[in-house]
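Undergrad: My questions all concern the structure below.
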Amino acid sequence: MENFNFYSPTEFVFGKETEREVGHLLKRFNANKVLLHYGGGSIIKSGLYDRVVKALNDENIDYVELGGVRPNPIDSLVYEGIKLSREEAVDFVLAVGGGSVIDSAKAIAAGVHYDGDFWDFYDHKAVVNKALPVGTILTIPAAGSEGSSATVITKESDRLKRGMGSNLLRPKFSIINPELTYTLPFWHTAAGIVDMISHIFERYLSQTQDVILTDRLSESTLISIIEAGRKLIDEPNDYEARATICWAGTIAHNGILGVGREEDWVTHGLEHQLSAVYDMTHGAGLAIMFPAYMLYTLDEDLERFYRLATTVFGVPSNHYHKKAVAIEGIQRLKAFYRALGMPVTLQEGNVKKEDFPTIMTLLEKNMGKTFGNFKKLTLEDAQKIYELAWE
Ligand code: NZQ
Ligand code: ZN
């Protein structure tokens, strides 16, 4: 196990009706003027917006609002949010929504006190030294942004989808009420499940030896997500399954499953180019790319894939045919994604072969010519993984 520093300062307020506490929490974190940031309208339809506004009014907390964040959030709304926050002397950003809203909120929070272009952070030309505090009310378990340091934004003009991270952007609090997720279209529930599973894989597939505690925590979290996911296919309003998925999404990405080991993150890089080019749902892109990545890197650590197959996917042990067992594990992962209604090939994701050169150009711009920790990859390797994902 490597040395590590684990920092996860977010206060999580979890359970039924917990959004009622938002006013008290904002008061406790000294919010005087709040930017209420949200997405395309699901919170208005569900009534959550009205409840949040009432909670703010009850505590006499002043606010301005900026809705309209779309999935795969874009830079133009961030600029608008920064301008509005400066004009209105906002001192706290409250994100009500999913990863896209939270990521947009973090970008605004980082940009308000920065003299230059906020995109400098995503270009890695600048680091965040000061940021407005952010709080969240989560409405979709998926990206894990409610507990992470990261934010991912797309620069629309040249379709660059990029992430950056700072501990200053970790939310002060995140309210997670599993009942708020009942209104999700199943597609987004499923994509969220794939995303959180992928956040675990990005850390689980590591060359660091002797991190058995984290391996086992990861495997248990994976098993719990898959069980709850199967339950939700038949009973989408099962509270306990929703609650499991909600908390698992946070655990998968707040850093605890990555401690003491080198993480990978190549597959997220492969996917981000798909959501940049096709505006594809992030989780759907990962459902396509992860099985292909795993098949391509199988021989890097066959023991690890064998363990994953037997422990998480219930493939019977067979020490004489470890590779076959490992491949069966990947096939079962694919079958689970199919059962969730996710695409598992680029064709099913409506990707066009003639766009491969564009995808590769964007990949190089974002990741360089070589990348990866679990397996060192070149652009040629990446092309082969996309081809493996084709059908
Ligand atoms: O915009 P509204 O109307 O709210 O609708 C949203 C959106 O269309 C809808 N939705 C959310 N909660 C709902 C609901 N509909 C009905 N009822 C509810 N309770 O769901 C759609 C998807 O929302 P989005 O926020 O885009 O989903 P997600 O949480 O999956 O976020 C995806 C974004 O996060 C980034 C992804 O790349 C993508 O841009 N990521 C962020 C990370 C981070 N900050 O740490 C890490 C991840 O790996 C990921 O890259
Ligand atoms: Zn992700």
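FYI, it's all coordinate maths here, none of it is from the lab. Since we're looking at a predicted model, the values are computed, not measured. With ideal geometry, Cβ positions are generated from the backbone for all residues, glycine too; neighbour counts draw on all protein chains shown.
Undergrad: Which parts of region 261-287 would a label at L379 reach, counting a residue when its backbone N lies under 20 Å from a point 7 Å out along Cα-to-Cβ?
TA: So the set is 266-278.
Undergrad: By DSSP, what percent of the beta bridges with both residues in the chain are antiparallel, rounded to the nearest 5?
TA: Beta bridges within the chain, antiparallel portion: roughly 25 percent.
Undergrad: Compute the helix-to-body angle for 379-388: its Cα long axis versus the longest principal axis of the chain, expressed 0 to 90° and rounded to tens.
TA: The answer is roughly 80 degrees.
Undergrad: Pop out the ³J(HN,Hα) list for region 46-63 in order, Karplus 6.51 cos²θ - 1.76 cosθ + 1.60 with θ = phi - 60°, rounded to Hz; leave Gly and Pro as x.
TA: Whole-Hz 3J(HN,Hα) from phi for region 46-63: 7, x, 5, 3, 4, 5, 5, 4, 4, 4, 5, 5, 4, 9, 6, 9, 6, 8.
Undergrad: I need T310, T267, T361 ordered by Cβ neighbour count within 10 Å, fewest first.
TA: Ascending Cβ contact count within 10 Å gives the list T361, T310, T267.
Undergrad: A follow-up question, please. Determine, for S224, S85, the number of other Cβ atoms within 10 Å of each Cβ, and report the residues in order from fewest to most.
TA: Exposure proxy ranking, most exposed first: S224, S85.
Undergrad: Considering only DSSP states other than H, G, I, E and B, which GluC sites (Glu not before Pro) in region 12-94 qualify as loop sites with at most 11 other Cβ atoms within 10 Å?
TA: E17
Undergrad: In whole Hz, what ³J(HN,Hα) sequence does region 197-207 give by Karplus (6.51, -1.76, 1.60; θ = phi - 60°), x for Gly and Pro?
TA: These are the phi-based 3J(HN,Hα) values: 4, 5, 5, 6, 4, 4, 9, 5, 7, 9, 8 Hz.
Undergrad: Report the FRET efficiency, 1/(1 + (r/R0)^6), for Q207 and E391, where r is their Cβ-Cβ distance and R0 is 35 Å, rounded to 0.05.
TA: 0.70
Undergrad: What's the exposure ranking of M289, M342, going from fewest to most Cβ atoms within 10 Å?
TA: So the ranking, lowest neighbour count to highest, is M342, M289.
Undergrad: To continue, here is another question. Among A142, A89, A243, which one shows the biggest mean-square fluctuation in a GNM of the chain, springs joining Cα atoms closer than 10 Å?
TA: A89
Undergrad: Would you kindly derive the ³J(HN,Hα) couplings of region 222-237 from the backbone phi angles with the Karplus curve 6.51 cos²θ - 1.76 cosθ + 1.60 (θ = phi - 60°), listing them in order in whole Hz, with x for Gly and Pro?
TA: 4, 4, 5, 5, 5, 4, 5, x, 4, 4, 5, 4, 8, 10, x, 9
Undergrad: Stretched out fully, how many nm does the piece from N30 to K369 gain, at 0.36 nm a residue minus the Cα gap?
TA: Between N30 and K369, full extension yields 117.4 nm more.
Undergrad: For the chain, what is the calculated [θ] at 222 nm in deg cm²/dmol (nearest 500), taking -39500 (n - 2.57) for each run of four or more DSSP H residues and dividing by its residue count?
TA: -15000 deg cm²/dmol
Undergrad: Spin-label point model (7 Å from Cα, Cβ direction): what's the S317 to E80 distance in nm?
TA: 5.8 nm
Undergrad: From the Cα gyration tensor of region 70-149, with a ≥ b ≥ c the square roots of its eigenvalues, which class applies: rounded if a/c is under 1.5, or else prolate if a/b is larger than b/c, or else oblate?
TA: prolate
Undergrad: Could you work out how far helix 356-367 tilts from the main Cα principal axis of the chain, as a 0 to 90 degree angle to the nearest 10?
TA: 70 degrees
Undergrad: I would also like to ask the following. For R159, which sequence-distant residues (separation of 5 or more, or a different chain) have an amide H within less than 5 Å of its own amide H, given hydrogens modelled in the peptide plane?
TA: Excluding prolines and chain starts, which carry no amide H, there are no hits.
Undergrad: OK, next. Do any of K83/K106; K125/K161; K352/K384; K161/K353 go past 18 Å between their Cα atoms, and which?
TA: In this structure, K161/K353 exceed 18 Å between Cα atoms.
Undergrad: Roughly how many whole Å is it from the C-alpha centroid of region 285-338 to that of region 211-271?
TA: 17 Å
Undergrad: Over the Cα atoms of the chain, how large are the radius of gyration and the largest Cα-Cα distance (Dmax), in Å?
TA: Gyration radius and largest Cα-Cα distance of the chain: 20.5, 68 Å.
Undergrad: Take region 100-242, drop everything but the C-alpha atoms, weight them equally and run the Debye formula without solvent; then report log10 I(q)/I(0) at 0.11, 0.13 Å⁻¹ to two decimals.
TA: Results for region 100-242 at q = 0.11, 0.13 Å⁻¹ read -0.51, -0.70.
Undergrad: Taking amide H positions as placed 1.01 Å from N in the peptide plane, with prolines and chain starts having none, which residues 5 or more places from F173, or on another chain, fall under 5 Å of its amide H?
TA: Correct list: E11, T136.
Undergrad: Another question, if that's okay. Rounded to the nearest 0.05, what FRET efficiency do E348 and S224 have when you use their Cβ-Cβ distance and R0 = 22 Å?
TA: Once the sixth-power term is evaluated, E becomes 0.25.
Undergrad: Which is farthest toward the positive dipole end of the chain among G163, S198, V112, measuring Cα position about the Cα centre, with Cβ charges +1 (Lys, Arg) and -1 (Asp, Glu)?
TA: S198
Undergrad: Now for a separate question. Give me the one-decimal nm value for the distance between modelled label points at R70 and E11, 7 Å along each residue's Cα-to-Cβ direction.
TA: 3.6 nm
Undergrad: Here is a further query. Compute the angle between helix 239-251 and the longest alpha-carbon principal axis of the chain, please, reported from 0 to 90 degrees and rounded to the nearest 10.
TA: That helix lies at roughly 90 degrees to the long axis.
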